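In what follows, a structure is listed as structure tokens, so that the remarks can point back to it.
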Amino acid sequence: MLQAAEYHRAALVEWQLLAGDVPVNWAIEHRREVRQAAASLRMTIGGVRNPMASTMSEVEETTADVAHSLQARLAEMHVLGEGDECFPVFLDDPFVDLDAKSKPSLLELLVQASKHQQLIYLTEDTDVMDWARVESLTGDVSLIEPGRSSGDASGDDDTRRAKHVAA
């Protein structure tokens, strides 16, 4: 019994380090939601090996942080309107300063979110533009590139126009 009590105390210390002030009983009662949220985060950030691991690279940590913040902001925007009204979200180059490895999983997060609310992404970022061109072939993303007409297969941009892309 003494050894079991010692293991229990050690486990509580480990729990405190891991979960902070979250009571163990609350976590047990809500384990399904916690696991679903963790799985959703892992799927959202496909490039991250394990977003719940304590040893993530700096790129993985940044990607996880941005994804979490982005999901929270999109959720806030989704419930802004009265009743079922959902306002469109305008994003102006939110990933421009991120590592190129982070962008695909964050952009996929936006594609998933766009199934429930309208997202308009403005960018000059070539990583995002290349991604959007490929994704527009699937029909999940609509792409508007100033300087290109729908019949212009050459891809020559009119240098007098802005080079922003809306995806």
Out of residues 5 or more away from VAL89 or on other chains, whose amide H comes under 5 Å of its own, with H placed 1.01 Å from N in the peptide plane? GLN118, LEU119, ILE120
Radius of gyration and Dmax over the Cα atoms of region 1-44, both given in Å: 13.5, 44
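Please find the FRET efficiency linking VAL79 to GLN3, where r is the Cβ-Cβ separation and R0 is fixed at 41 Å, and quote it to the nearest 0.05.
Values: r = 51 Å, r/R0 = 1.23.
After rounding to 0.05, the efficiency reads 0.20.
For region 66-132, what is the Kirkwood hydrodynamic radius in Å, using each pair of distinct C-alpha atoms?
Working: mean 1/r = 0.0799 Å⁻¹.
In region 66-132 this quantity evaluates to 12.5 Å.
Could you work out the local net charge near VAL24, counting Lys and Arg as +1, Asp and Glu as -1, over the other residues with Cβ closer than 12 Å to its Cβ?
Values: positive: ARG31; negative: GLU14, ASP21, GLU29.
The answer is -2.
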Modelling each spin label as a point 7 Å along the Cα-to-Cβ direction, I'd like the ALA19/PHE90 distance in nm, to one decimal. 4.3 nm
Rounded to the nearest 0.05, what FRET efficiency do ILE144 and SER40 give with R0 = 30 Å and r taken as the Cβ-Cβ distance? Could you check? 0.50
So, with points 7 Å from each Cα along the Cβ direction, the HIS68-GLU33 label distance in nm works out to 1.7 nm
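We did not get these values from a lab; they are worked out from the coordinates using the rules stated. Predicted model, so just to flag it, every value in this text is computed and none were measured. Heads up, the Cβs are rebuilt from the backbone with ideal geometry, glycines too, and the neighbour counts pull from every protein chain shown.
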